[in-house]
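Rule-based calculations on the coordinates, nothing more; no lab input. All values derive from a computational prediction rather than experimental measurement. With ideal geometry, Cβ positions are generated from the backbone for all residues, glycine too; neighbour counts draw on all protein chains shown.
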Amino acid sequence: MSPNIITEAGVSTRLNQWWSSTPFITSGVTIICAAIYLVCLLVGYDSYAEICFLPSAVASHFQVYRFYTSVLFHGSLLHVLFNMLTFVPLGTELERIMGSVRLLFLMFLLATTNAIFHLIVAFLVDYNPLYHVSYLVDECSIGFSGVIFSMIVIETSLSGVQYRSVFGLFNVPAKWYSFYAPVEFLPYSLLCLIIQQYLYLCIVRYAWILLILFQFLASNVSLLGHLSGILSGFAYTYGLFNYLLPGPSFYSSIEGLSMLSVCVRRPGFILCTGGTTYGQLPTHSNMSTPPRYRFHIYFYCFAVQESNESSS
């Protein structure tokens, strides 16, 4: 009698399964950011001062478009790669909870409020009579990291987890901590990527320690951009944005638009009621799931790097 032989799925199969399980908006944003970086690379575009978030330009010329262009552009391959590898599991979780249209609106809101917080803090520090710091208003920042920081805070709040494990060594309150492996842990992170079906077991994530830690571990990091993201995340979780959030009927009306019917019918599209047109994706992670799958661990590494330039 021949023995039963069990074979593990190959890396490409696992990656394909992982990507096919990614909801519509999360995968769409990932593709857009990657495509923008690739086009910039191919045409040799590096004039980030034209599209980055630059407080002085926003204030003097009312260039509000920078609120949104700055989050879609990235300064290097590692920057966009690790930002998106972090965003995919995080966005997937939130999209399953909120629905596709609601998540898209949330990211638009976070990009807006992050920029406003960034602008306010930069000018408050600039006009501070006790300790004048002028460079923040001329700091040119790009990258999706600010929105990611906001989403980290929001997902931590929605998941209900009170404590997070630091590499299994000790626990810290979830509201304090946001630690991702530095560059030295890259081989470990890549191993996690290969052996796991989802990017859940690579790095533990939360918010405040990460903000401080990467000011020492990486250069060209936008402290104010990340801080603004954290502030927006907490403002959302404490209900300060409730008056800006439309009700379920608004999202349902968007989903019912005939021009979006092709998108809504896609398997990865999640309705705001929590279901899908094909019923393929869950609406929330099961809280009875073993802790190793509830402690969502994201592949951040060097993703928090921002491109900071002085405006010319």
Can you tell me the order of 99-108, 47-56, 34-43 when each peptide is scored by its average per-residue count of other Cβ atoms within 10 angstrom, highest first?
99-108, 47-56, 34-43
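Once the mean 1/r over all distinct Cα pairs of the range 1-131 is inverted, what Kirkwood radius in angstroms do you read off? Display every interim value, and only then the final one.
Working: mean 1/r = 0.0569 Å⁻¹.
Kirkwood hydrodynamic radius for the range 1-131: 17.6 Å.
With a/c under 1.5 counting as rounded, go ahead and sort the range 28-99 into rounded, prolate or oblate using the C-alpha gyration tensor (a ≥ b ≥ c being the square roots of the eigenvalues; past the cut-off, prolate if a/b is larger than b/c, else oblate). Spell out each step's value before the answer.
Values: a/c = 2.70, a/b = 1.38, b/c = 1.95.
Verdict is oblate for the range 28-99.
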